[in-house]
Structures are given as structure tokens and as C-alpha cells.
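See below for the structure under consideration.
FYI, it's all coordinate maths here, none of it is from the lab. On a predicted model such as this, the values are computed, not experimentally measured, just so you know. Reconstructed Cβ throughout: ideal geometry from the backbone, glycine too, with neighbour counts over all protein chains shown.
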Amino acid sequence: MTESVSAPGRDDLWLVLPHLGAGGAQKVALIASRHFAAQGLKVKLVTLIPGHPVAHPLPDGIPWLELGAPTHRSWWARAGRFALAQLDKLIRLFFQLQLRWFEGWFQTCVRPQGWGLAMGLFAVGTEATAGLRLRQLRQEFRRQRPHRVLALLTRTNITCCCAAWDLPIHLVVSERNDPSLQRLPEVWQRLRPLAYRRADVVTANTAGVLSALDAMGDWERLALLPNPLPGASKVEAHGDQSEASGFVSVARLVPQKGLDVLVAALPRLSGAAAAWPVNLVGDGPEREALQQQAKDLGVSSRLRFLGFRSDPERFLAEAAVFVLPSRFEGMPNALLEAMAAGLAVIVTDASPGPLEVVEPGISGLVVPSDDPAALAEAMQALVSDPDRCRRMGAAAKARIAALDWPQLEPLWRSILALS
């Protein structure tokens, strides 16, 4: 449903996220909001989790709407939430009992033009699951009537689809992880293929995630929407890369990123590789466990936990090899930034996303996931052959230039109905 750009009184584009903390989706949203606002579009950032720390400077002149703050404290509201939660449990029970006749009927009847009992149950389930955030978002959609909405990250995508279910909004949802490997709580897992029927375009940032989405349902439009990396073709490696040494990983400290595998690989290194420092840039719930693991393995002196940093490029500039031993991925921005900075990279074969930019043996090395021995072997190989390491870094930088805005903008404008 293409609308005229910059219509009076209405925002052209909303970018909706759970929060503006650390994360690749947040970086993509900020990059896109700056870009389109600079072109004269009225852009707004919307978040659903109140009070979350903001990790990056917000673009000048772009308003931010933070939803999710409690607004109803009456016993009526509490009773309503309790009743919705009980109905939600009942719906989940139906699915858990594998009543296939019910599931088939339910999936057939839940559609943007649907009505009746199935739609009533769907509305109750989504209301109980997303709760206040869904109600507030729907209220703001009705009140402010944005022309276009880009939602990023699965639960936010589902919430946006349900909030915009019968409203005249061009809605694009963006999957950031491989849905065939990512496990959500049961109710969200069930809601996703139903809710995504509302999206005008279902997108993924890698071809592998796109294939997984294609197997999940029959969408209005399914499209690849790569992560933009402004100025990728102009990024200069800082300092003398021939003198750079050390490993770096920029990631949230969560099990998905497999940083425990990196720690387990360190005792296996020898010679020059054992002397290289390892910087972990990022924070998360696994920090204490990783620090204890490093202590137990006797590698704490070689491993620096730097926490979240708004200037990761500083640590990329000091290193020679970027390591990301993920258990599943979409297309991590940190990987793209490392390649743009001219680092050789090591990734795993767990998800197809990173393999779409990392050419094994050319721009980096690929190892099996959850295999500390294989990871250590790859790290050792790059340290022992500095020329090969530099060649891979140069190839990585050349490969990533294709993600600059001039190459991606026509696709983004088409998907967002801006052209």
C-alpha cells in the first residue's frame, strides 16, 4: 500500500524495536533512520521496553517514542490481565495436546480478513502474550497513523503485526536470526507464522534465514533486506595493519555467541598464538560464567573483558583476527564491521548467514560450531602465517564494500514502499 512521501501531518516511517540498547538490530535502525531523515523523510524511532539503557547516540532531530510504561493500575486492569493469561494458557494447552484438527482450523481462519471464533481466540492470545505493549502500540498506530513501519526482531515483529492487523499501514518485518535454530517460548513460536500474515513484506538479512522463513509460511512478499554498512567502501584500517596482532570478538555475552568455546580454545594455543591478547567487547548475562571459565582454565591473563563499548572500531583497529564462534546467527553487524576494517575473520558453520559474506580460505576461516579444537587450530593457522592473515583481511574488506548505501538503497526503498 504505497503512500505519498512526506504527507502533511503524518510520519513517513517508524522503526520499531524492543529497545535502543546494544545490538545489531539497533545499529541497523539508527543507520536507516539517519539516512532517510537526511533525505527529508519524517522518521520516528519507537521502542517497547521502557527504561532500558541507550547504547548509542540518538540521531539529531529524530523523535523517539518509548512505550511500555505502566498506565493502568486499577484492580479491573489486574483482573483483566489475569483473565487473559488464563485464556492464553488454554490456547497453549490445545496446541500442546496436538489437536491437529483444531490447529488446522485455527491456522486457516486466522488471516487479516478473517473473523469469528478463531480471530477472537487469536486476539485474546496476542493480547495476553504482548499485553500492554500491544495495546499502547495499537493506540499510537491509530492516533498517529504512520505511513510505513519497519519492525526489527521477532517479538517486536509479532507485536507490530497484531497491532496493525486491520490498519492501513505498510508493514515490513525483519527477522534477524535463523528461525530454524532460534527457540522462542512456545506461545511466541506459535504466534509468529500466524502474525506474519499481516506483514506486507517479510524480510531477512541473509539468504539462509530467508529460506527458513519461506518454509514457515506463505507470505504476501518475502524479500532479502541486507544490513547497510554506510561508507563500507571508504573504511580505512587504522594504523599499520602489518603490525596488528591479537584476537577480538564483539558480541553480547550470551550462549548464542559461543564465547565459551573461544575461552575453551585458548589453552590449546601455543607459540606466538598463545601470546596474542584476546579482547571481548560486549556485555551480557554470561560474563561471570565466562570469567570463571577463564580462571579455571588458567587463561585469565590473556583475556580482557571490556564490557559494552560505543567505540568497538578502536579495538578492531588494534587486532588482526576477529573471532565469532556463534551457535546460530542471522547476519551480525559486528562481523561486517570487522571485515570492513580489514580483519581476517573466523566464524562457524552453524548458520548460513555469515557464510554468505565469508569465503572460506579467502576472506576468513570457517570451523564447526562447538568445537574448541577446530577453533584453536584456525586461530593458530592465522597467527603462524601473517601474510595469509593480511590477504584475508584485504579480501574481507573488498567483499564488504557491496553493503554500502549506494548499492542497497534501491532495494530498501522498494521494500519500504518509498519509491
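Overview of values
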item	result
Mean shadow area of the stretch 232-403, taken as a quarter of the surface of its Cα convex hull (nm²)	8.5
Point-charge dipole on Cβ atoms (K/R +1, D/E -1) for the stretch 232-403, about Cα centre, debye to 20	180
Cα lying deepest toward the dipole's positive end in the stretch 239-360, options Leu269, Gly258, Gln292, charges on Cβ	Gln292
Net +/- balance of residues flanking Phe322 in space, Cβ distance below 13 Å, scoring K and R +1, D and E -1	-1
Relative contact order (%) - criterion: Cα under 8 Å, at least six apart; region: the stretch 122-219	27
Amide H contacts of Ser180 (H built 1.01 Å from N, under 5 Å, at least 5 apart or other chain)	none
Distance between modelled label sites at Arg287 and Asp387, nm, 7 Å Cα→Cβ extension	4.3
Segment Val254-Gln39, length gained on full extension (0.36 nm per residue, minus Cα span)	73.7 nm
Dipole axis of the stretch 150-290 (+1 Lys, Arg; -1 Asp, Glu on Cβ), positive-most option in Leu152, Val201, Pro168	Pro168
Sites Arg413 and Glu186, calculated FRET efficiency, Cβ-Cβ separation with R0 41 Å, nearest 0.05	0.65
